[in-house]
Amino acid sequence: MRPLEDYLVIDFSQFLSGPSASLRLADFGARVIKIERLGVGDICRTLYTSNLIMNGESSVFHAINRNKESFEVDLKSDEDKEIVRELLRKADVMIHNFRPGVMERLGFDYQSVLALNPTIIYGEISGYGTDGDWKGKPGQDLLLQSVTGLTSLTGNAGSGPVAMGLSIVDMLAGAHLAQGILACLYRKAIKNEGGFVQVSMMESAYDFQFETITTFMNDGGSLPERSQKNNANAYLGAPYGIYQTENGYLALAMGSIPVLGKLLDCEKLLDYTDIKEAFSKRDEIKAILADHLLTASTEQWLSVLEPADIWCADVLNWNALMAHDGFKALNMIQEVTMTDGYQYETTRCPIRIDGELLTSTKGSPKLGQDNERIIKEFIKQNTIADA
């Protein structure tokens, strides 16, 4: 039995942040019912990050909405809203990620839902919080990366702001919401109390930078300076970075520069004996390393560095990664099936509980596929008649 079996989650959220939270709850055994807009559904169904169309819809939607049910409704209809209220009366958790004010207009704000279900756990994600001048701005990942300083940490010094290649703020906010919901579920189990969990993407992005922001605030407000070459962390000295080799790339983390010089047979590095020079002279050290590492293959360098317990790694693309025995041993890929028989491969939950892999076979839902069954199961007959 999974930890959240018999818990019911009503999920109004769309795009990535909210659905990533409900995905994790579903992995833990909760039953997740997506509330989707009539005729349109979750906008993520048509949010294409590539030209890949899977069973008529976006690959992103399929990845983040497996193991869920779809209930298609018109939230402008009083009849449909009453059906949703009946679901909320029976729910343990509700999730949404609309801008501030939207749920109030629809009648599904926290106070309204609390009146229906005093022990519900109500979770919401906003872009910038519910107060302040920015509260109405769109909570879009690239925009949040940009305004929270994240883009000043990636790339070399002369490359300007660089965004991460993932919707990282969305995923962080979803993870934080799931954490808050799980904490409240524990309290509910002990005290039978509900709760109101609020997460903003902006706060999640700040928390993601807790190390660097703490350094900034306690270093006289000095802004981080990325290295000119092979930057991987603005606050770390040489050799920290990724370097091209004769046939690929090599990642080097922290390490003694003279020790590296001896192991790599690079005489120029032997001169940097003062540990402080790893930061103060990191650009010239990295330039020397970059030139030297081009003279041999990644495999040759690893054969020297790994036995000496130097923190280093090959740099793999997905093809090379998935062919590697280390990846295969994790069983990270699972195959899921939609109700129409369409099958696709995706990742599994990364968490194991009592040694068990939290896999599932249930793919993402077709829009409205569960309406009839949900109504029969949850809605009182007089409610259906009124509707």
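The values are calculated or read from the model by the stated rules, or taken from the named source; none is laboratory data. Quantities reported herein were computed from a predicted structural model and do not represent experimental measurements. Quick reminder, even Gly has a Cβ in these numbers, built from the backbone with ideal geometry, and neighbours come from all protein chains shown.
For segment 239-265, a tally of residues being within 35 Å of the chain's Cα centre (by Cα) and either surrounded by fewer than 21 Cβ atoms within 10 Å (Cβ to Cβ) or more than 20 Å from residue 275 (Cα to Cα) (or both) returns 14. What are the residues in segment 1-40 that are surrounded by fewer than 18 Cβ atoms within 10 Å (Cβ to Cβ) and small (Gly, Ala, Ser), if any? Hits for segment 1-40 are 29, 39.
Looking only at segment 238-253, which residues are part of a loop (DSSP other than H, G, I, E, B) and of a type in the set (Gly, Ala, Ser)? Passing the criteria: 238, 248, 253.
The test for being at pLDDT below 95, in the same structural domain as residue 34 (by TED's automatic domain parsing), farther than 21 Å from residue 9 by Cβ and not in a loop (DSSP other than H, G, I, E, B) does not hold for residue 165.
For segment 225-232, the criterion of a residue being touching a helix residue (DSSP H, G or I) at 6+ places or on another chain (Cβ under 9 Å), outside the structural domain of residue 153 (by TED's automatic domain parsing) and either over 25 Å from residue 153 (Cβ atoms) or free of Cβ contacts under 8 Å to residues at least 60 places away in the same chain (or both) is satisfied by no position. A single member of 312, 349 is under 30 Å from residue 178 (Cα atoms) and not hydroxyl-bearing (Ser, Thr, Tyr), and it is 349.
Restricted to segment 1-116, the set of strands (runs of 3 or more DSSP E) holding at least 3 residues that are of a type outside the set (Val, Ile, Thr) and assigned by TED's automatic domain parsing to the domain that holds residue 368 comprises 31-37, 69-73.
Scan segment 298-311 and tell me whether some residue there is touching a Cys at 6+ places or on another chain (Cβ under 7 Å) and surrounded by 15 or more Cβ atoms within 10 Å (Cβ to Cβ). Yes, because at least one residue in segment 298-311 is touching a Cys at 6+ places or on another chain (Cβ under 7 Å) and surrounded by 15 or more Cβ atoms within 10 Å (Cβ to Cβ).
A single member of 287, 323 is among the aliphatic types (A, V, I, L, M) and loosely packed, with under 12 Cβ neighbours inside 10 Å, and it is 323. Checking segment 162-176 against the condition returns a match, with at least one residue being more than 28 Å from residue 241 (Cα to Cα), buried (at least 19 other Cβ atoms within 10 Å of the Cβ) and not acidic (Asp, Glu).
Among the residues of segment 117-126, those that are assigned to a loop (DSSP other than H, G, I, E, B) and closer than 27 Å to residue 201 by Cβ comprise 117, 120. Could you list, in sequence order, all residues of segment 156-177 that are under 28 Å from residue 63 (Cα atoms) and more than 17 Å from the chain's Cα centre (by Cα)? If the condition is that a residue be under 28 Å from residue 63 (Cα atoms) and more than 17 Å from the chain's Cα centre (by Cα), then 162 is the only one that fits.
Is it the case that segment 371-381 has a residue that's loosely packed, with under 15 Cβ neighbours inside 10 Å, of a type in the set (Lys, Arg) and part of a loop (DSSP other than H, G, I, E, B)? The answer is yes; a qualifying residue exists.
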